[in-house]
Amino acid sequence: MNPPEAIVFDLGKVLVDFDYGIAARRIAANSKVPLPEVRARIEHSPLLARYETGRIDSEQFYEEVKNGTGFDGTFEEFSRLFADIFWPIDPMVRLHDSLRRRNLPTFIFSNTNDLAVTHIGRNFPFFSLFTDYILSYEHGAMKPDAALYEVVEATTGQQGDHILYLDDRPENIEAGRERGWRVILQETPEKTLAAMRKLDLT
């Protein structure tokens, strides 16, 4: 089988790990409601979904969290507390570096938001080294919505098994598989690297 023409990486839990609990604890320490209520507002919530599909911007997201929790910090303080929750998954970062050195086009395909991307861009140099980026908040849709997968195909200029897609969420992987993409479900970095070796990509 020929090598893929585009290698598409999810971001969270594939290249960087994260814990919204970190943000919730920090924000709750400066709020008027208990930690579980803060966490419910910022993790897997309708509010976060609105933010990550671009229906509200960062300042509107801040205002809604502030109004809902009584958070008494500034927007700048909130931005730091909310976004500084990531750390690199080093084996996957090294994998990307090896693919880049082979001149293989690589792409980020992520359900994410502006505060997270700005923070990651500032703090993780590898993030700037991808060919291009397909980010949910810039396109008004989130995985596994087919509309966002169409953006990937338009951005990469590829379809079907010319695309190799890595993601940690089974429903997102299945949406790619249904389009004929080659897919790897990331359960652990070790399993992903083993799958890439079978494709002669490590």
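The values are calculated or read from the model by the stated rules, or taken from the named source; none is laboratory data. Quick caveat, the model's predicted, so the values are computed rather than measured. Because the Cβ atoms are built from the backbone with ideal geometry, glycine has one as well, and the counts that use them run over all protein chains shown. Side chains are part of the model used for accessible areas, which takes the heavy atoms of the whole protein and leaves out ligands, DNA and RNA. Shrake-Rupley method; radii C 1.70, N 1.55, O 1.52, S 1.80 Å.
Here are some notes:
- Spans of helices (runs of 4 or more DSSP H) in segment 122-194 with at least 1 residues open to solvent by 60 Å² or more (accessible area, probe 1.4 Å) and of a type in the set (Lys, Arg): 170-178
- Taking segment 182-191 as the range and being touching a Leu at 6+ places or on another chain (Cβ under 9 Å) and either farther than 13 Å from residue 8 by Cα or without any contact (Cβ under 8 Å) to a residue 24 or more places away in the chain (or both) as the test, the residues that pass are 183, 184, 185, 189, 191.
- Flag for residue 78 being out of contact with any Cys (no Cβ under 8 Å at 6 or more places or on another chain), over 27 Å from residue 144 (Cα atoms) and not small (Gly, Ala, Ser): yes
- Residues satisfying the stated conditions in segment 61-76, i.e. surrounded by 15 or more Cβ atoms within 10 Å (Cβ to Cβ), in contact (Cβ under 8 Å) with a residue 24 or more places away in the chain and more than 17 Å from residue 21 (Cα to Cα): 61, 68, 73
- Lone unmet requirement of (1) among the charged types (D, E, K, R); (2) closer than 28 Å to residue 164 by Cα; (3) in a loop (DSSP other than H, G, I, E, B) for residue 100: (3)
- Residues satisfying the stated conditions in segment 21-60, i.e. closer than 21 Å to residue 141 by Cα, touching a residue at least 24 places away in the same chain (Cβ under 8 Å) and either among the aliphatic types (A, V, I, L, M) or surrounded by 17 or more Cβ atoms within 10 Å (Cβ to Cβ) (or both): 41, 42, 48, 49, 51, 52, 53, 54, 58
- Flag for residue 1 being open to solvent by less than 50 Å² (accessible area, probe 1.4 Å), among the aliphatic types (A, V, I, L, M) and under 23 Å from residue 152 (Cβ atoms): no
- Residue match in segment 91-111 (condition: touching a Lys or Arg at 6+ places or on another chain (Cβ under 6 Å), among the charged types (D, E, K, R) and open to solvent by 40 Å² or more (accessible area, probe 1.4 Å)): no
- Some residue of segment 127-142 being farther than 28 Å from residue 22 by Cα and either of a type outside the set (Asp, Glu) or modelled with pLDDT under 95 (or both): yes
- For segment 66-73, the criterion of being in contact with a helix residue (DSSP H, G or I) (Cβ under 9 Å, 6 or more places away or on another chain), over 24 Å from residue 35 (Cα atoms) and either of a type in the set (Ser, Thr, Tyr) or modelled with pLDDT of 95 or more (or both) is met by none of the residues.
- Only a single item in (1) of a type in the set (Val, Ile, Thr); (2) assigned to a helix (DSSP H, G or I); (3) within 17 Å of residue 169 (Cβ to Cβ) is not met by residue 112, and it is number (2).
- Taken as a whole, the condition of being at pLDDT 95 or above, of a type in the set (Lys, Arg) and within 17 Å of residue 123 (Cα to Cα) applies to residue 80.
- Qualifying residue in segment 27-48 (condition: in contact with a Pro (Cβ under 9 Å, 6 or more places away or on another chain) and under 30 Å from residue 202 (Cβ atoms)): no
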